[in-house]
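The values are calculated or read from the model by the stated rules, or taken from the named source; none is laboratory data. Predicted model, so just to flag it, every value in this text is computed and none were measured. Because the Cβ atoms are built from the backbone with ideal geometry, glycine has one as well, and the counts that use them run over all protein chains shown.
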């Protein structure tokens, strides 16, 4: 009899083979397509010389016009140094490029955002900061991707302060926001409150460090959370605290603020009496054991988000008493997917011409995701929308844009309905364009 693990490995290998075959056939995932009509030679007198000189003069008088008179309003950079790629680790910038192209495809298809992959030949954090700052005049936003921890924390914090365009690190904010959205509804189904729940975070890398910060911003007392890294529970008396203070001040701060009861040890000790566990550590199974789940409070919530194999299989967690389970996989119920966040968050931030993306904007996005699922009818196997429910993206975009206005960081001040309708129009046009390109064979069908 074929085990579930063997079946999933065979399924994974099938997708691996198809990915190589089709990527080679299509020679990459995206190309530049003109936005303007060209029907005769004199059209170039408008789009290029001599007409373009007038556009440049206007922007020279007021640089803000670059968001209206160029494609900057809808174009972002995807920046990666290839040091922490999609469960593969440090594979370098060239090997990171296929992932960045895939990200660009998701940005366009789900959010109508033009995203340009830029993989860079340096891993030095200050060089990366300098490079991104120099690219700012070209782009309306920056998405940091697949960059190792703790460097990713430094880059996000620094660039958010120094740039006047939205900067986002999807491995941090995207995962944290989607996690919060799923958690809102999981707590409703189990009769819990965010402010009263004991939450355990297994893993202290990019996603869970940010998840901790976002949960605090959403109302969770930091002392109600216990966070573990590969060495065990973070607490002020751990012998490596002095080193952490220098090498990873973000993790050090968590150690100082969390774990009000002073619990020590590993995952078993942390889970005893907990309401929620959010694991974003290393692929399982067996990282979290059934007997540890059994020691949690009644009807616990188990998010096991490691890919490709979660820290504990959902059915094992259910057998141990879990009420709600979620993973990072699309073939299992309740996929906590950052693809639900980043296309819509950037759509809203770009349409509002926001100067940054705040934690409050992330929380607004998470609330809208949760609200959408609740309106459709949440249950144990549906706590968060799927990527196929595309109507959620304009709603999230509008929530993000209006929150930016509330916080005084938007250049455009319009209504929720304006941003919602605009997002529908832009995302809809993207889908229609793709359909037409496929219909007319410009994008050929998959080869046999």
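Annotations for the structure displayed:
- Applying the set (1) buried (at least 23 other Cβ atoms within 10 Å of the Cβ); (2) under 29 Å from residue 6 (Cα atoms) to residue 294 leaves exactly one unmet item: (1).
- Members of the stretch 242-269 that are under 27 Å from the mean Cα position of the chain (by Cα) and within 22 Å of residue 299 (Cβ to Cβ): 267
- Put simply, of 59, 46 the only residue that is farther than 22 Å from residue 351 by Cβ, in contact with a helix residue (DSSP H, G or I) (Cβ under 9 Å, 6 or more places away or on another chain) and part of a helix (DSSP H, G or I) is 46.
- Among the residues listed as 157, 130, 146, 124, the single one being under 20 Å from residue 92 (Cβ atoms) and surrounded by fewer than 24 Cβ atoms within 10 Å (Cβ to Cβ): 124
- Residues that are farther than 30 Å from residue 95 by Cβ and in contact (Cβ under 8 Å) with a residue 12 or more places away in the chain were ranked within the stretch 19-61; the one that is nearest to the chain's Cα centre (by Cα) is 35.
- Search result, residues across the stretch 64-94 that are free of Cβ contacts under 8 Å to residues at least 60 places away in the same chain and within 22 Å of residue 354 (Cα to Cα): 65, 68, 69, 70, 71
- Unique match (being in a helix (DSSP H, G or I) and closer than 25 Å to residue 281 by Cα) among 54, 96: 96
- Test: residue in the stretch 243-254 that is buried (at least 18 other Cβ atoms within 10 Å of the Cβ), under 27 Å from residue 383 (Cα atoms) and in contact with a helix residue (DSSP H, G or I) (Cβ under 7 Å, 6 or more places away or on another chain): no
- Every test in (1) within 30 Å of residue 301 (Cβ to Cβ); (2) in contact with a strand residue (DSSP E or B) (Cβ under 6 Å, 6 or more places away or on another chain) is passed by residue 374 save one, and that test is (2).
- Residues being surrounded by 13 or more Cβ atoms within 10 Å (Cβ to Cβ) and more than 15 Å from residue 391 (Cβ to Cβ) - total across the stretch 417-446: 5
- Checked against (1) under 18 Å from residue 253 (Cα atoms); (2) assigned to a helix (DSSP H, G or I); (3) in contact with a helix residue (DSSP H, G or I) (Cβ under 8 Å, 6 or more places away or on another chain); (4) not assigned by TED's automatic domain parsing to the domain that holds residue 274, residue 157 passes all but condition (3).
- Residue within the stretch 117-127 that is in contact with a helix residue (DSSP H, G or I) (Cβ under 7 Å, 6 or more places away or on another chain), under 24 Å from residue 431 (Cβ atoms) and outside the structural domain of residue 394 (by TED's automatic domain parsing) present: yes
- Identity of the residue in the stretch 356-381, within 16 Å of the chain's Cα centre (by Cα) and outside any helix (DSSP H, G or I), that ends up surrounded by the most Cβ atoms within 10 Å (Cβ to Cβ): 357
- Qualifying positions in the stretch 160-194 - part of a loop (DSSP other than H, G, I, E, B), out of contact with any helix residue (DSSP H, G or I) (no Cβ under 9 Å at 6 or more places or on another chain) and surrounded by 24 or more Cβ atoms within 10 Å (Cβ to Cβ): none
- With respect to the conditions (1) assigned to a helix (DSSP H, G or I); (2) at pLDDT below 95, residue 87 lacks only one, and its number is (1).
- The requirement of being touching a strand residue (DSSP E or B) at 6+ places or on another chain (Cβ under 8 Å) and either touching a residue at least 60 places away in the same chain (Cβ under 8 Å) or not assigned by TED's automatic domain parsing to the domain that holds residue 411 (or both) is satisfied by residue 304.
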